[in-house]
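To start, the structure under review is shown below, and the notes come after it.
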Amino acid sequence: MPSVISRTHAFLVCTAFMGCAFLTHTELRAEGNTMSLSEKQQRNLQILQTMAANGIKGNWDVVRPYVSDNLEMIMPEGLPYGKTYYGWDGYREGLAALGFWTDLAFAPGEMIPTDDKVIYLSHLSGKIASNGKSVSQPYVAVWEINNEKVVRITAFYFDTKEISDLAGNL
């Protein structure tokens, strides 16, 4: 069986809490040949792209159909806003918690789809809103999708202590 490499190059920039742009380009290669993602993988990528582009802007009518009533959005507890957010209200609360940042941006990254997950690899940069201190570090999020609904988003920040220390342990 040929080895398969899937890459969706993504770029998410948040210049202000409610103003983001999210762009992607997908390619799938197996031993030098370009192939297509499965319909399910393509759909999972579309769901993530739609939620990322619209959730941060507060376009709730666009995002709501993709959020499971049992969603768990897990932010590392080492962050000042770190906890697990539950359901639709938790999703909105978790996005509001990103107001912790200003000039939040995710560098061009990769999205790796499977049949029930999309793994997003990137590099975040931003400033802590309360004091303007800059942070720049790798970032990973795993989006789990079941029946076209996001059931879990797990965010992995590589150095939560750095962020917490720079924020003054808010």
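Among Trp101, Trp143, Trp60, Trp88, a tally of other beta-carbon atoms within 10 Å of each Cβ gives an order, fewest to most, of Trp60, Trp88, Trp101, Trp143. As an exercise, identify the GluC sites (Glu not before Pro) in the stretch 62-170 lying in DSSP coil whose Cβ has no more than 14 other Cβ atoms within 10 Å. Here the sparse-neighbourhood loop sites are Glu77, Glu148. Straight-distance candidates among the lysines for linking to Lys117, with alpha-carbon spacing under 20 Å and chain neighbours fewer than 8 residues away dropped: Lys40, Lys149. Amide H contacts of Lys149 (H built 1.01 Å from N, in plane; Pro and chain starts excluded): no residue 5 or more places away or on another chain comes under 5 Å. In nm, to one decimal, how far is the modelled label at Glu77 from the one at Asn131, with both set 7 Å along Cα→Cβ? Taking the two extended label points, one gets 2.4 nm.
Taking a point 7 Å out from the Cα of His123 in the direction of its Cβ, the residues of the stretch 130-170 whose backbone N falls within less than 15 Å of it are 135-140, 158-159. Karplus-based coupling profile of the stretch 116-122, in residue order and whole Hz: 10, 9, 10, 9, 10, 10, 7, with θ = phi - 60° in 6.51 cos²θ - 1.76 cosθ + 1.60 and x standing for Gly or Pro.
Its alpha carbons considered, the stretch 38-145 gives a radius of gyration followed by a Dmax of 14.1, 45 Å. The H on the amide N of Ala129, modeled in the peptide plane, is under 5 Å from the matching H of Trp101, Thr102, each at least 5 residues off or on a different chain.
Over all directions, the average projected area of the alpha-carbon convex hull for the stretch 47-90 comes to how many nm²? Walk me through the numbers on the way to the answer.
Values: hull surface 13.0 nm².
Spelled out: convex hull of the Cα atoms, projected over all directions, averaged, 3.3 nm².
Using only Cα atoms, locate the centre of the stretch 83-111 and the centre of the stretch 124-170, then give the distance between them in Å, rounded to an integer. If you average the Cα positions of each part, the centres end up 8 Å apart. Here the stretch 110-164 is treated as a Stokes sphere of Kirkwood radius computed over C-alpha pairs; at 25 °C and 0.890 mPa s its diffusion coefficient rounds to 195 µm²/s.
No lab work stands behind these numbers, since they all come straight from the coordinates. Just so it is clear, the model here is predicted, and its values are computed rather than measured. So basically every Cβ, Gly included, is an ideal-geometry build from the backbone, and we count neighbours across all protein chains shown.
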